[in-house]
Amino acid sequence: MTYFTGLARVARATGYPVIEVDGWEGRGHGHMGAVRTIVCHHTAGSSTGNYPSLNVVAYGRTGLKGPLSHYGIGRDGTIYVIAAGLCAHAGKDSQLAPAHRNHCAIGIEAENTGLGERWPDKQLDAYVKLCRALIDEFGLSANDVLGHKEIAPRRKIDPNFSANGFDMADFRAAVRRGYWTKPTTKPAGTIKPAAAPAPAIPAEPKPAPQEDIDMQLFKLGGAKYRLLSGTAYRGVSKSLAEKMIKAGHKVVAVTAEENAELSRNFNGTPDLVEVVK
Ligand SMILES: [Zn+2]
C-alpha cells in the first residue's frame, strides 16, 4: 500500500524531458498495491498541442474524477508525472483480470487522437523507454506491458498504432530492446485497421459502464448526444446512442450551463461542444 513517489526518478532514467505536475506526489484515489502491469493508452484528445489532455488526465472531467493515469507523454516525448497514487485508467475491477486492475497497474496516457494519427518517433521512443524503466523499477518483464485494448478488448481500441504500421507485439519487442526503431517486417494480418470515428459497439449487450478516460456518453438537452473520447467531443446519432445505452454505456446528462463549463475546460476545442438549451 503506497504512493509511488519515485515515479519522477523513473521517468528521468529515459533521458527525455520530465515535467512534474504540481501536487503529483499526493495525487491519487488512494493507495496503490503491488505493481503487476503497465497499461498503455492514448488520450483520444485534441490533434493540436503537445499534451492538451493534461488537465483532464490530472483533474478529470464531469462524471469522472482525476487522476486518470500516473504519466502522460507529449507529442515531443516530454513525460508528465501526474500522480503517485491510485488512478482511474483501466476500468471497473469487475471487468478486468486481477493483474490488470487499477491498484496493480501503472497507467500511461500518451497524447494521440486515436483516429489514425501518426505517432512521432520521439514520442514512441519516450513511450518505450518509460515502459522499460518501469519494468526495471518494478521487477516486471516486457510481457507485462499491455495495451488497454488487450486488457479490455471489447471496449477499447487504445493505443492505436495503426498509422505507423505496428502493434503491441512490436511495441513490447522495443521495450525488451530498450529503445524504439521501426519494425522491419510487418507480420501479416496482425495490424489493426485505423479506428473509425464512432466507437465499436460491443457485440453482446452486457453492462459495461465507462469509468476511464477513453469514452463517455453525454446527453444534452433536446435529446442530443455527444460522445466524449478523451478530450474530444463527437456528435453521436440518436440511434447509435440508444445502441450504446442498450450495451450498458452510462449516460451523463448535462445542462446547458455545465456544457458551457465543460467547453471552457477542454483546452481550446470549445467549438466541438454544442451548447444545447
Ligand atoms: Zn485507455
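So the values come out like this:
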read-out: Residue ID - farthest from the chain's Cα centre (by Cα), chosen from residues in segment 16-39 that are assigned to a loop (DSSP other than H, G, I, E, B) and hydrophobic (A, V, I, L, M, F, W, C); value: Ala34
read-out: Out of Ala11, Ala44, Ala105, Ala84, sole residue that is within 13 Å of the ligand (Cβ to nearest atom), over 12 Å from the mean Cα position of the chain (by Cα) and either crowded, with 20+ Cβ neighbours inside 10 Å or free of Cβ contacts under 8 Å to residues at least 60 places away in the same chain (or both); value: Ala105
read-out: Options Gly6, Gly30; residue that is more than 22 Å from Ile135 (Cβ to Cβ) and out of contact with any Pro (no Cβ under 6 Å at 6 or more places or on another chain); value: Gly30
read-out: Selected residue (only one of Gly66, Gly23, Gly74 is more than 15 Å from the ligand (Cβ to nearest atom) and surrounded by fewer than 22 Cβ atoms within 10 Å (Cβ to Cβ)); value: Gly23
read-out: Complete set of residues in segment 117-128 that are surrounded by fewer than 16 Cβ atoms within 10 Å (Cβ to Cβ) and in contact with a helix residue (DSSP H, G or I) (Cβ under 8 Å, 6 or more places away or on another chain); value: Arg118
read-out: Residue ranges of strands (runs of 3 or more DSSP E) in segment 40-157 with at least 1 members under 15 Å from Met168 (Cα atoms); value: 105-110, 145-147
read-out: So Gly178, is it of a type in the set (Gly, Ala, Ser), surrounded by fewer than 21 Cβ atoms within 10 Å (Cβ to Cβ) and more than 23 Å from Gly33 (Cα to Cα); value: yes
read-out: Selection within segment 133-175 - among the hydroxyl-bearing types (Ser, Thr, Tyr) and surrounded by fewer than 15 Cβ atoms within 10 Å (Cβ to Cβ); value: Ser141
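Each value in this text was obtained by applying a stated rule to the coordinates, not by laboratory testing. These figures come from a predicted structure and were not determined experimentally. Cβ coordinates were reconstructed from backbone atoms using ideal geometry, including for glycine residues, and neighbour counts include every protein chain displayed.
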